[in-house]
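Below is one structure, written out as C-alpha cells, with a few remarks after it.
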Amino acid sequence: MYALRAHVDKMYDVGREAEKEGRPVAWVMLEPWSAAILSCMDVQTVFPENYGTICAASGAAATFLERSEAEGFPNHLCGYARNCLGYTAMMTEMGQIPPMAPGGGMPKPMLLVSSGAVCDARFKWFQALGRYFDAPIWVIEVTTSGPREALMEGAYEREVNFMVNELREFVTFLEKLLGKKMDWDKLEERRKQTRELNKVWWEVNHLTKAVPCPMHLRDFYSSMSAALYRSGHEAEEITRLYRGMYDEVKQRVDNKISAINYEEKYRIIFEGLPPWHSLGFFDQLAERGWNFVTERYYHPGRVAEVDLTGISDPIERYVRTRYQGLAKSIDETFEPEEAVKVKEEIMQKGFSQYIAARKVKDYKCDGAFLHTLLTCRGTTAPLRRIASHYLDVWKVPSITVEGDIVDLTLFDPADALRKAEAFEETMDHYKELRRKEGLGW
Amino acid sequence: MVEVASKGLSRVKEIYQDRPKRVKELKAEGKKVMGYICLYPVLEMMTALDFVPYRLFGDMREPITRADTYLPTVVCPFLRSLLDLGLKGKYDFLDGIVTSHICDVGAQIPDVWNTFVQTPYSHGIDTPHTTHQSSREREKGLLQDFQKSLEDYTGQKLTTEKLKQAIEIHNQQRALVRELYDLRKPDPPLISGVETIQVMKALMSLPVEEGNSLLREVISEVKGRKNGPPKKPARLLVWGSIIDDTALVEMIEGLEANVVMDDTCVGSRAYFPDVKLTKDPLEGLAYRYLVELKCPRTFKEASSNRNRKDYKADLESRFSYLRDYARDWKANGVILESVRYCDTHGYEVPGVTDYLNNIGLPNIYLEHDYSEGALAPLRTRVQGFLEITQ
C-alpha cells in the first residue's frame with residue numbers, strides 16, 4: 001500500500017522536475033483516455049483532483065479554500081476545484097509554489113486536459129483556471145447517455161465512433177501544440193499494460209466480497225490512487241505491486257482474517273466521495289464492528305474480454321478496451337436470463353433498480369452510508385434514488401451523513417457517530433427482514 | 001376551439017398565472033403535450049410531430065415538500081422544485097418528457113423522474129459539452145436517435161418536409177421575440193423586464209403558431225402604448241441562471257432601475273439564435289442547439305489559436321456579446337444572478353466579472369435559493385449597487 005502511494009507521491013516530484021527542465025507538464029482530470037495518450041507524447045501528467053485529497057488529508061486545504069472564496073468562487077463549488085483554484089491563485093501571485101503546499105506542491109502546467117467524465121464541474125473548473133494560466137485547455141468528451149438511450153440499436157458503435165473521433169482530434173491538437181508526432185506503438189503498449197493493471201486491481205477488489213471482508217475501504221482509498229492517477233509508463237511496476245497486494249488479501253480470505261480488528265457485525269457500502277480530511281472516522285466505526293466493504297465511485301469495473309480482431313486503429317483498440325457500453329456491462333454483471341429482464345425493464349421504464357442495487361447483493365451489505373456533499377452534486381444528487389433501490393430490491397437501509405471531500409468544517413464526526421449508533425438498530429431490523437424473506441444474507 | 005377573450009399582454013398575464021390551463025384545453029381537443037427541461041431538447045422535432053412543446057419549470061412560491069425524499073437539499077432548488085411539482089401531479093397532463101445533459105443535477109433528473117414520476121414517454125439527449133467537430137457529429141447522431149424514438153412512440157414518420165416547416169415557424173417566433181426585445185431599447189423601454197418574462201413563459205406554454213399570433217398582438221400593443229414603464233436612471237442587463245418567475249426582476253424594477261436586457265434561458269438565450277436551414281435539417285438543428293446556444297454548460301473558448309491561451313482573448317470570445325447587448329440596449333449596469341448550488345454559473349462568475357470590469361460596466365453578483373423569501377435581503381444589495389452606478 002505504501003509503495004503504491006509512493007508512486008503517486010512521486011508524480012509531483014517528477015512533475016516539478018519536468019517543469020524545471022522545460023519538459024511539458026499537463027494538469028489532467030481523471031478519465032480513461034488522456035494520461036495514456038499524453039505519456040506517449042512524453043508529457044508529464046499531474047492530477048489536481050488527487051492533490052485535493054492530499055491537501056485535505058494533510059490539513060492544508062483550508063488556506064486554499066479561503067483564497068478561492070476571496071477570488072469570487074462560490075463556496076458550494078467542488079472542494080477539489082476550490083482547493084486547486086486557491087492554490088493556483090496563490091502560486092500565480094507568489095510566482096512560485098506556495099510554501100505551505102504539501103508534498104512539495106504541483107508544478108505549473110503548460111497544458112490543461114479536462115473532461116466531462118463524472119461531472120460537468122470538472123471542465124468548468126479548468127476553464128476557470130484560465131484566469132491564472134495561459135495554458136491551452138482541451139476538454140475530452142465522454143458519453144453519458146441515459147440507460148434507455150444507451151441500449152438503442154447501434155448505440156454502442158456510435159459511442160465508440162464518437163470517442164475515437166474525439167481522441168483523434170485531441171491527438172491532432174497535441175501534435176500541433178508539442179510539435180511532435182504521436183507514438184502509436186506506445187499507445188498499443190499502454191493499452192495492454194492498462195488492461196492488465198485494471199484486471200489485477202479488479203481481482204484484488206473482488207476479494208472484498210468474502211466474509212469477513214479482508215480489506216477495508218480505507219485500504220482501498222490508500223491504494224487506489226496508483227491505478228487512477230498515473231502517468232502511463234509505470235503501469236507494469238504498479239501491476240506488480242497490485243499482484244503482491246492480491247496475494248496478501250487472498251491469504252486473508254483463505255484464513256478468514258477480517259480487515260477490522262473487531263467482529264464484523266455490519267458490512268457497509270460507502271456511497272459518495274470520502275471525507276479525505278477525516279478518514280480516521282472509519283476507524284471509529286470499525287470499533288463498532290462496521291466493515292466498509294465497497295463503494296461505487298472509484299472501484300474498477302470488471303475487465304471484460306474484448307474481440308479486437310480486424311481493428312488496427314490504435315485509438316479504436318484503446319477505446320474498445322476501456323469502454324464496453326451498457327449492454328455488455330449488463331451481460332457481464334447478470335446471468336443471461338436476468339440480463340434480458342434488466343434490459344427489458346430499462347427499455348420499458350427507462351431505468352433498472354437491479355443495476356443500481358446489484359452491488360449490495362454481491363457484497364452482502366447490511367447498510368449503505370450516504371455521504372452527501374455540499375460541494376459535489378455529481379455524486380450527491382443520485383444518492384437518495386440509489387438508496388431507495390437498495391431498500392426496495394434487497395431491503396438494505398441507508399444512513400445519510402453530511403460532509404465534504406476537502407472542507408473539514410462541513411463534517412461533524414460526533415453527530416455522524418450518534419447517527420451511526422442509532423442506525424445499527426435499523427440494520428438489525430432489516431437483517432431480520434431479509435432472513436425472513438430468504439434474501440440470502 | 002376555445003374563444004379567447006383577452007389579447008396581448010392581458011392574455012400573456014393570464015397564461016403566465018395559470019400555465020397548464022391552455023395546454024389542458026388543447027389536450028381535451030386531442031393534442032399531445034411534450035414536456036421538456038431547459039434549452040437543449042429540440043423543439044422543432046416535437047412540433048413537427050404535432051406535439052405542443054411545454055417547457056417545465058419549478059414554482060418558487062410553492063414550498064418543496066416531496067422532492068427532498070428523492071433529491072438531497074444541496075442540489076439546485078429550481079430542479080428540486082420542478083421535480084416536486086412532478087411528484088405532486090402538477091405535470092400529470094404530459095404525454096412525454098424530453099431532457100438533455102444540461103448540468104450534473106439535470107443529468108440525474110431523467111432517472112429520478114422515470115423512477116418516481118413516470119410519464120408515458122421519455123427521452124434524454126446526451127448533449128455534448130464541447131463544440132469539437134466530433135461533438136457536432138455526435139449531436140446530429142443524438143438527434144437521429146431522438147427522431148427514431150419519437151417515431152416509435154407516435155407511429156408517425158418525421159419527414160424532412162415537416163421538420164423544415166417546423167424550423168421555419170420556430171424561427172419566425174425567434175424573429176418576433178427579437179422584435180419585441182428591440183422595444184426594450186428606447187429610454188424608457190416600452191416593455192418592462194417583468195412583462196418580458198411573462199411573455200417568454202407564455203410562449204413556452206403554447207403551440208408555436210398560437211405563440212406567434214400572441215406575440216404579434218403583444219408587439220402591436222406595446223408599440224402603441226402610452227402607459228409603459230417609467231424612465232429610471234439605471235438600465236440593467238441581467239445575466240445568469242434560470243429566472244422563471246417575475247419576483248426577482250419585480251424587486252429590481254421596484255427600485256430605480258429598468259431591466260432592459262437579459263442573458264438568461266427564459267429570455268434571449270432561448271430565442272436569439274436561429275436554426276439555419278440546411279439540406280439535412282438535422283445539421284442545422286445540431287449546430288444551433290449545440291454551438292449557437294449561449295449557456296455556460298457548453299465549453300467554449302477562444303479558438304483562434306489553440307496552441308496558446310490568452311485570457312483576455314478568451315474572455316472576449318466568450319462574453320463580447322454582453323458588451324454588444326449593453327451597447328445596443330444602453331445598459332449601464334449588470335446584475336449577475338444565480339440560484340444557489342448552480343455550479344455551471346458559479347464557476348463562470350469570476351470570468352464574467354473580469355470581463356465586465358475590463359470594459360468598465362458596473363456589476364454585482366447575487367445568489368438566491370429560488371424562493372420569494374430569499375429576495376428581501378438582496379433588495380438592499382441591489383439598492384447599494386444602484387447608488388454606485390448612479
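Coordinate-derived values only; no laboratory data. Every value quoted in this text rests on a predicted model; they were computed, and no experiment measured them. Please note: Cβ atoms are built from the backbone with ideal geometry, for glycine as well, and neighbour counts cover all protein chains shown.
I'd like the distance between the alpha-carbon centres of the range A:1-57 and the range A:282-325, rounded to an integer number of Å. Result: 20 Å between the Cα centres.
Cα centroids of the range A:101-145 and the range B:78-109: how far apart, whole angstrom? Rounded to whole Å, the Cα centres lie 30 Å apart.
Each principal axis of the Cα cloud of the range B:234-345 was taken in turn, and the coordinate range along them, longest first, works out to 47, 35, 32 Å. Residue by residue, the range A:192-206 carries 3J(HN,Hα) couplings of 5, 5, 5, 4, 5, 4, 5, 5, 5, 5, 5, 4, 4, 6, 4 Hz when phi is fed to the Karplus relation 6.51 cos²θ - 1.76 cosθ + 1.60 (θ = phi - 60°); x denotes Gly or Pro.
Rounded to a whole number, what is D in µm²/s for chain A from Stokes-Einstein with the Kirkwood radius over alpha-carbon pairs (37 °C, 0.692 mPa s)? Can you show the working numbers first?
On the way: Rh = 22.9 Å.
Using the Kirkwood radius from Cα pairs, D works out to 143 µm²/s.
Quick one: which of A:Lys192/A:Lys359; A:Lys250/A:Lys349; A:Lys10/B:Lys309; B:Lys13/B:Lys140 span more than 32 angstrom between C-alpha atoms? Among A:Lys192/A:Lys359; A:Lys250/A:Lys349; A:Lys10/B:Lys309; B:Lys13/B:Lys140, the Cα-Cα distance tops 32 Å for A:Lys250/A:Lys349; B:Lys13/B:Lys140. Projecting the Cα atoms of B:Leu214, B:Gln144, B:Met200 onto the dipole axis of the range B:138-220, where Lys and Arg carry +1 and Asp and Glu carry -1 at the beta carbon, places B:Gln144 farthest toward the positive end.
Counting only residues at least eight positions apart within a chain, or on another chain, the aspartates and glutamates with an alpha carbon under 14 Å from that of A:Lys180 are A:Asp42. Spacing of the modelled spin labels on B:Gln165 and A:Gln348, each 7 Å from Cα toward Cβ, amounts to 3.7 nm.
What the phi angles of the range B:205-211 give under the Karplus curve with 6.51, -1.76 and 1.60, with θ = phi - 60°, is a coupling list of 10, 10, x, 5, 5, 5, x Hz, glycine and proline written as x.
Scaling the Cα radius of gyration of the range A:201-261 by the globular reference 2.2 N^0.38 Å produces a ratio of 1.14.
Tell me, in nm to one decimal, what length is gained between A:Glu263 and A:Lys20 on full extension, where the rule is 0.36 nm per residue of separation less the Cα-Cα distance?
On the way: separation 243, 0.36 × 243 = 87.48 nm, distance 5.16 nm.
Once the chain is fully extended between A:Glu263 and A:Lys20, it gains 82.3 nm.
Counting Lys +1, Arg +1, Asp -1, Glu -1, what net charge surrounds B:Lys231 among other residues with beta carbon under 15 Å of its beta carbon? Here the count lands on +4.
Shown here: the range A:72-137, whose C-alpha atoms stretch 31, 26, 23 Å along the first, second and third principal axes, sorted largest to smallest. Per-residue Cβ neighbour counts within 10 Å put B:Ser122, B:Ser10 in the sequence B:Ser10, B:Ser122, beginning with the fewest. Taking only the alpha carbons of the protein assembly as shown, we obtain Rg and Dmax values of 27.1, 89 Å in that order. Count Lys and Arg as plus one, Asp and Glu as minus one, and take only other residues whose Cβ is under 13 Å from that of A:Arg67; the net charge is then -2.
How high is the FRET efficiency between A:Trp441 and A:Glu421 when r is their beta carbon distance and R₀ equals 25 Å, given to the nearest 0.05? Write out the running numbers ahead of the final one.
Details: r = 22 Å, r/R0 = 0.90.
Here the calculated transfer efficiency is 0.65.
Comparing Cα centroids, the range A:382-441 and the range B:1-69 end up 39 angstrom apart. Other residues whose C-beta falls under 12 angstrom from the C-beta of A:Arg240 contribute a net charge of -4, scoring Lys and Arg +1 and Asp and Glu -1. Taking a straight Cα-Cα cut-off under 20 Å and skipping sequence neighbours fewer than 8 places away in the same chain, the lysines within cross-link reach of B:Lys330 are B:Lys185, B:Lys223, B:Lys231, B:Lys232.
Shape summary of the range A:81-233, radius of gyration then Dmax from alpha carbon positions: 19.3, 55 Å.
With the Cα gyration tensor of the range A:140-217 giving a ≥ b ≥ c as the square roots of its eigenvalues, does the rule (a/c under 1.5 for rounded; else a/b larger than b/c for prolate; else oblate) give rounded, prolate or oblate? Display every interim value, and only then the final one.
On the way: a/c = 3.00, a/b = 1.43, b/c = 2.10.
Oblate, because a/c is 1.5 or more while a/b does not exceed b/c.
Just need log10 I(q)/I(0) for chain B at q = 0.13, 0.14 Å⁻¹, Debye formula, equal scatterers on the alpha-carbon atoms, no solvent, rounded to two decimals. Relative scattering, expressed as log10 I(q)/I(0), comes to -1.16, -1.36.
Legend: Rg and Dmax of the range A:7-142, from Cα coordinates, 13.7, 39 Å. Couplings 3J(HN,Hα) for the range A:384-392, derived from phi with the Karplus relation 6.51 cos²θ - 1.76 cosθ + 1.60 (θ = phi - 60°), are 5, 5, 4, 4, 5, 5, 4, 6, 5 Hz, where x marks Gly and Pro. Of the residues B:Glu301, A:Glu237, the one with the fewest other Cβ atoms within 10 Å heads the list, and the complete ranking is A:Glu237, B:Glu301. Distances between placed amide hydrogens fall under 5 Å for A:Ile140 paired with A:Ser114, A:Ser115, A:Gly116, all partners being 5 or more residues away or on another chain.
Summarising the label geometry, the points placed 7 Å from Cα in the beta-carbon direction at B:Asn357 and A:Trp184 lie 4.9 nm from one another.
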